[in-house]
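The values are calculated or read from the model by the stated rules, or taken from the named source; none is laboratory data. Quick caveat, the model's predicted, so the values are computed rather than measured. Please note: Cβ atoms are built from the backbone with ideal geometry, for glycine as well, and neighbour counts cover all protein chains shown. Protein only, heavy atoms only, side chains kept; ligands, DNA and RNA dropped before computing areas. Shrake-Rupley method; radii C 1.70, N 1.55, O 1.52, S 1.80 Å.
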Amino acid sequence: MGSGSETTCLTIPEHVLTSSGRRMQRLGFGTAAYPLVTPEVTKAAILQAIKLGYRHFDTAYIYGSEQPLGDAIVEAISLGLIKSRDELFITSKLWCSDAYGDLVLPAIHRSLQNLKLEYLDLYLIHFPLSLERGLYEFGVRKEAIVPMDFVSVWTAMEECQRLGLTKSIGISNFSCKKLADILAFAKIPPAVNQVEFNPLWNQKKLREFCNANGILVIGYSPLGASGTLWGSNQVLENEVLKEIADTKGKTVAQICLRWAMEEGVGVIVKSFNGERMKQNLEIFDWSLSEEESKRIDQLPQSRCSTGELFVDEHGTFKTVEEFWDGEV
Ligand code: A2P
């Protein structure tokens with residue numbers, strides 16, 4: 001990890017979740033590392049992030065980062081970096097092999113135990129599919145994918161919120177169509193849909209649909225998740241973004257994050273490098289011009305996370321179009 005000097009960061013704008021009244025920094029810190037790293041590396045990165053001012057942390061059972069995040073929180077409190085867990089906003093996600101009505105409560109209890117917490121701020125269904133029970137390997141085996149029973153899984157998610165195990169519930173990687181399927185019967189509507197969001201996949205349609213239904217969009221892969229299994233370097237290598245960055249004396253990453261803030265979307269950005277995690281916070285005392293925003297708005301659109309991982313000609317989702325319900 002780099003040695004980024006620890007300065008007080010500029011204040012990160014917050015969003016208050018209407019479902020819980022909990023305050024959430026709109027720039028969250030991602031903990032999914034690929035290639036995989038040791039728990040010690042993850043914990044050290046999170047502690048440094050807390051020192052720099054990040055208070056919103058995104059994890060998932062399948063990332064293997066719940067335990068190091070829990071350890072970092074304990075240490076941050078003992079070091080006096082934060083007074084209590086209440087100062088943090090913590091999201092975790094239900095893995096697909098637990099996406100069965102009877103497995104949701106045991107799964108959230110397991111995540112809470114890993115995190116050493118009494119409650120989550122937000123618990124999300126990780127993907128709109130189930131995997132064979134008992135499969136907890138990192139990655140998705142296509143032949144193990146089965147359709148999810150939305151009613152029983154969402155009803156169990158609602159129970160998690162009623163029991164106080166999480167303040168809010170939501171979904172991730174859901175198309176407008178699948179989101180509408182949930183809304184048709186939900187007693188507690190999803191507070192959040194966490195989806196890919198960056199200048200090359202700006203989710204115009206989904207954001208309109210979510211806004212109209214009072215659902216907050218939180219973006220993952222704001223930098224295109226370069227170097228990971230699920231991302232690409234298209235965003236950071238984009239010529240238009242590079243030109244804008246050069247003109248402003250900023251990095252492409254900063255342009256992407258500033259743009260996301262100006263679009264009113266919350267984003268989760270991952271860096272375990274001290275200099276870059278600091279750089280990613282330095283986006284609150286300047287802005288994009290109208291012309292620059294317009295150029296970004298006009299960039300050709302394509303997903304970095306294509307959904308290919310879930311598609312098999314003999315499987316539950318036969319094409320990428322089917323997985324995203326034509327929203328490609
Ligand atoms: P690293 O952890 O070494 O900084 P995303 O947030 O879109 O998922 O992207 C995460 C990827 O982008 C990680 O590989 C991360 O690597 C890298 N990254 C994070 N911040 C920056 C930055 N400011 N400049 C360049 N790469 C970055």
Mean separation of Cα contacts under 8 Å, 6 or more apart, over the residue count of the chain: relative contact order %: 19 percent
Alpha-carbon Debye profile of the chain, log10 I(q)/I(0) at 0.09, 0.10 Å⁻¹: -0.44, -0.55
Span per principal axis, largest first, for the Cα atoms of region 226-306 (Å): 34, 30, 24
Dipole-positive endmost among F127, V320, Q113 within the chain (Cβ charges, Cα centre): Q113
Region 184-235: trypsin sites (Lys or Arg not before Pro) falling in loop per DSSP and having at most 11 other Cβ within 10 Å: K187
Simple spin-label estimate for K204 and S289 in nanometres, 7 Å along Cα-Cβ: 2.3 nm
Exposure ranking of R55, R85 by accessible area [1.4 Å probe, largest first]: R55, R85
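For region 170-314, what does the relative contact order come out to in percent, with C-alpha contacts under 8 Å and a separation of six or more? Walk me through the numbers before you get to the answer.
Numbers: 178 pairs, mean separation 34.6, N = 145.
It rounds to 24 percent for region 170-314.
So, with a 1.4 angstrom probe, what is the percent of accessible area on region 193-275 that is carbon and sulfur? List each step's numbers first, then the result.
Details: 1460 of 3080 Å².
Ligands and nucleic acids excluded, carbon and sulfur reach 47 percent.
Report, to the nearest whole %, how much of the accessible area of region 66-153 belongs to carbon and sulfur atoms, 1.4 Å probe, protein only. Could the numbers behind the result be given before it?
Details: 1880 of 3540 Å².
On region 66-153, the fraction of accessible area on carbon and sulfur atoms equals 53 percent.
Show me the ranking of peptides 299-305, 19-25, 106-112 by mean Cβ neighbours inside 10 Å, starting with the highest. All intermediate terms of the calculation are to be shown ahead of the outcome.
Numbers: 299-305: 15.0, 19-25: 17.4, 106-112: 19.0.
Ranked by mean Cβ neighbours within 10 Å, highest first: 106-112, 19-25, 299-305.
Rank by packing, highest mean first: peptides 232-238, 46-52, with packing defined as the count of other Cβ atoms within 10 Å averaged across residues. Numbers along the way, then the final one.
Values: 232-238: 18.0, 46-52: 21.4.
Output ranking for 232-238, 46-52: 46-52, 232-238.
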In Å², nearest 10: area of D86 left accessible to a 1.4 Å probe: 90 Å²
Residue-count net charge about I283 - beta-carbon cut-off 14 Å; Lys, Arg +1, Asp, Glu -1: +1
Gap separating the Cα centres of region 125-199 and region 19-44, nearest whole Å: 19 Å
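State, as an integer percentage, the relative contact order of region 1-119 based on alpha-carbon contacts under 8 Å between residues 6 or more apart. Write down the numbers at each step before the final one.
Working: 146 pairs, mean separation 27.9, N = 119.
The value is 23 percent.
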Cross-link pairs beyond the 18 Å C-alpha cut-off, checked among K83/K270; K93/K270; K51/K270; K178/K205: K83/K270
Spacing of the two label points (7 Å from each Cα toward its C-beta) at E313 and A184, in nm: 3.1 nm
Solution diffusion estimate, µm²/s, Stokes-Einstein, region 13-127, Kirkwood Rh from C-alpha pairs, 25 °C, viscosity 0.890 mPa s: 170 µm²/s
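Rounded to the nearest 5, what % of the DSSP beta bridges within region 68-170 are antiparallel ones? It would help to have the intermediate numbers written out before the result.
Details: 2 of 10 bridges.
Taking every DSSP beta bridge within region 68-170, about 20 percent pair in antiparallel fashion.
Counting only heavy atoms of protein chains, what accessible area per residue, in Å², does region 36-136 have with a probe of 1.4 Å? Please report the intermediate quantities before stating the final value.
Working: 3590 Å² over 101 residues.
Per-residue accessible area for region 36-136 comes out at 36 Å².
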